[in-house]
Protein chains: 2
Amino acid sequence: MSLPHAILTALLEKPSSGLELTRRFDKSIGYFWSATHQQIYRELGKLEADGLIRTLPSEQPARGQKKSYEVLPAGRAELARWTGESQDPKPLRDTLLLRLRAAAVVGTEGIEADLRRHLDLHRRQLAEYREIERRDFPPGKGEPEDRLRHLVLRAGIDLETFWTGWLTHALEEFSELPPA
Amino acid sequence: MSLPHAILTALLEKPSSGLELTRRFDKSIGYFWSATHQQIYRELGKLEADGLIRTLPSEQPARGQKKSYEVLPAGRAELARWTGESQDPKPLRDTLLLRLRAAAVVGTEGIEADLRRHLDLHRRQLAEYREIERRDFPPGKGEPEDRLRHLVLRAGIDLETFWTGWLTHALEEFSELPPA
DNA sequence: CCTTACATGTAAGCTGTTACATGATTTT
DNA sequence: AAAATCATGTAACAGCTTACATGTAAGG
């Protein structure tokens, strides 16, 4: 149950409307926690009902009208509590690895092209992360909050580096495999 | 929708009962696709209803009695189709990275201890994978199926290597951060 | 006006999680 | 005979996905 906390974090960084949040979940936040607009609207309703956020007083709510939210003290407290809590890492669930394991049984027909496609996607993502790093985190120390955010971005960079490396290796293996 | 295909793969590798599958999902298969026994029993029912698997003829089904399944030709065909299909990689969803991002806003209270705990867990997992590699994949070429399975295990090893490296780096950063 | 983009929301279905229920087998 | 373990299953709920519905605002 992390979506409400992802939204609280986003709103603390900057009060936003549902659609603005959706946009931000397609970028920075979405790099490690994705969500659709339906998830976000539903969760905003719950958070408001629970008294963790409220609509900005300046704007009057109406259907089809923009409605921005900000975090209340109770919301900040809940986020701090959740952040400091001990949590177990979730077991991995990766379709591509599963498909490779299946391919060992039913044959590799068609999967090599998709490995190439994934490699390309991960290379693009890696390039994007590196560009963000160059732009937002110039060499030098910076504020503690920036160092934490840089650390998170570093995880993204290292993960994409892993995938591109592993996929490259996988494709080499395929080129040595007997043809189907 | 990958659980049925994970089960088909497991059953092709070896016909099994629900509980045996559950055990195997706690080990090898579960390293990249986890599932609880309730998910497995429900899915076995669906797969049987869809004519993709059947109970072994030798055993008569009864509540509380062991009931083993094997894959039918239609099941193998469906697995081959799914394996060769083009699929997009799922966006990352990682709670630890989210918590770090939240910590940049609400403070790092309590999170450092959990980073240490995660580092320890990932080190153990890495050691386990390396032991499996040593035991099951001795140097030398081997059969194509084995090379594919080795490739999958390699992904696990490289992923755990990434996490241990990144967590070590993260803890170094924390030691340089001003105390809360 | 008409279309497009913006903005919020409803509904249904599927997947995953947690707690519990029931019968069979083995051990003490 | 009781207790523990094996094995399968039911029920309820929470979370995510997909498709659709509704209204507003801006540009041509």
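One table, with the values for the structure above:
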{"item": "Conditions (1) open to solvent by 50 Å² or more (accessible area, probe 1.4 Å); (2) over 23 Å from B:Met1 (Cβ atoms); number of the one not met by A:Gln87", "result": "(1)"}
{"item": "Contacts under 9 angstrom Cβ, first residue in segment B:106-120 being assigned by TED's automatic domain parsing to the domain that holds B:His169 and open to solvent by less than 30 Å² (accessible area, probe 1.4 Å), partner of a type in the set (Phe, Trp, Tyr) and modelled with pLDDT of 95 or more, 6 or more apart", "result": "B:His118/B:Trp163; B:Leu119/B:Trp163"}
{"item": "Residue check, A:Leu97 in a helix (DSSP H, G or I), hydrophobic (A, V, I, L, M, F, W, C) and in contact with a strand residue (DSSP E or B) (Cβ under 9 Å, 6 or more places away or on another chain)", "result": "yes"}
{"item": "Which listed residue is open to solvent by less than 80 Å² (accessible area, probe 1.4 Å), more than 10 Å from every other protein chain (Cβ to nearest Cβ) and either away from DNA strand C (no atom under 13 Å from the Cβ) or among the polar types (S, T, N, Q) (or both), from A:Leu79, A:Leu56, A:Leu21, A:Leu52", "result": "A:Leu52"}
{"item": "Pick from segment B:24-49, criterion among the charged types (D, E, K, R) and within 9 Å of DNA strand C (Cβ to nearest atom), ranking: most open to solvent (accessible area, probe 1.4 Å)", "result": "B:Arg42"}
{"item": "Test: residue in segment A:85-99 that is away from DNA strand C (no atom under 16 Å from the Cβ) and at pLDDT 95 or above", "result": "no"}
{"item": "Selected residue [over 29 Å from A:Gly156 (Cα atoms) and modelled with pLDDT of 95 or more] from A:Leu72, A:Leu56", "result": "A:Leu72"}
{"item": "Pairs, first more than 8 Å from chain B (Cβ to nearest Cβ) and touching a residue at least 12 places away in the same chain (Cβ under 8 Å) in segment A:151-180, second among the basic types (Lys, Arg) and open to solvent by 50 Å² or more (accessible area, probe 1.4 Å), C-beta under 6 Å, six or more apart", "result": "A:Thr164/A:Arg123"}
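The values are calculated or read from the model by the stated rules, or taken from the named source; none is laboratory data. In this text the structure is predicted, and so the values were computed from the model without any measurement. All Cβ positions, even for glycine, are placed from backbone atoms using ideal geometry, and neighbour counts span all protein chains on display. Areas reflect the complete protein model, heavy atoms only, side chains present, ligands, DNA and RNA absent. Shrake-Rupley method; radii C 1.70, N 1.55, O 1.52, S 1.80 Å.
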